[in-house]
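In what follows, a single structure is set out as structure tokens and then discussed.
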Amino acid sequence: MDKQDRINLIFHNNKFNEYLAKNKVLEKHRKFCRHNINHFLDVARIAYIISLEEKLNLKKDIIYAAALLHDIGKWQQYENGISHNEASAKLAVEILKTANFNEAEISLITTAIKNHRQENTASNLSHILYKSDKLSRKCFKCKALNECNWADDKKNFDITF
């Protein structure tokens, strides 16, 4: 199976789309950044660029899988107070299995998802997922910038390249 097929198996997965829909409903009136397919793809593309620039030798489908799934459990944080990174990692396992990722790949991806809110991590995948998640935010054009609880040193006031 080719790499692109595995990513499309995630993208077309019923559970993945169910979780996306739950995020959308619960963020309907959210004025801050949303956890949707646009965000997931922004994170994936930025992470892949970082991987290439830093010569990390990470497989493209591994990066895209982690990025597509890193916030998929945000709805559980809203509904149950469960940390979204923990929820997303748990929900990702079944989706990754149905997309033909092996146990080692699933472990790598879910560990990165669990750690994507921590700046200093041992894994290259965790590192670029954290970095790309932050860089994907378009603070410089956000209408809710002054209401955001992110520290100014974490906000993106300029385009980074």
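Each reported figure results from applying straightforward, stated rules to the coordinates on display, with no laboratory input. Keep in mind the model is a prediction, meaning the values are calculated, not measured. Here the Cβ is made from the backbone with ideal geometry for all residues, glycine too, and neighbour counts use every protein chain on show.
Averaging sequence separations of C-alpha pairs under 8 Å and six or more residues apart, then dividing by the length of the chain, give the relative contact order as a whole percent. Mind dumping the intermediate values first?
On the way: 203 pairs, mean separation 37.2, N = 161.
Result for the chain is 23 percent.
Roughly how big is the chain's charge dipole about its Cα centre, with Cβ charges of +1 (Lys, Arg) and -1 (Asp, Glu), in debye to the nearest 20? Write out the running numbers ahead of the final one.
Details: 26 positive and 20 negative charges, 98 e Å.
With Lys and Arg at +1 and Asp and Glu at -1, about 480 debye.
Is the chain rounded, prolate or oblate when judged by the Cα gyration tensor, a ≥ b ≥ c being the square roots of its eigenvalues, rounded requiring a/c under 1.5 and prolate requiring a/b larger than b/c? Each step should come with its number before you reach the end.
On the way: a/c = 1.74, a/b = 1.21, b/c = 1.44.
Since a/c reaches 1.5 but b/c is at least a/b, the shape of the chain is classed as oblate.
Counting other Cβ atoms within 10 Å of each Cβ, which GluC sites (Glu not before Pro) in region 2-63 have at most 14 and sit in a DSSP loop? Walk me through the intermediate numbers first.
Details: sites: 18, 27, 53, 54; in loops: 27, 54.
Sparse-neighbourhood loop GluC sites (Glu not before Pro): 54.
Within region 15-77, report the trypsin sites (Lys or Arg not before Pro) that DSSP leaves as loop and that have at most 16 other Cβ atoms within 10 Å.
Working: sites: 15, 22, 24, 28, 30, 31, 34, 45, 55, 59, 60, 74; in loops: 28, 30, 31, 34, 55, 59.
When the trypsin sites (Lys or Arg not before Pro) of region 15-77 are filtered for loop state and at most 16 Cβ neighbours within 10 Å, 28, 30, 31, 34, 55, 59 remain.
Run lengths n ≥ 4 of DSSP H only: what is the helix-derived mean residue ellipticity at 222 nm for the chain, with -39500 (n - 2.57) per run over all residues, to the nearest 500?
The helix contribution divided over the chain gives -18500 deg cm²/dmol.
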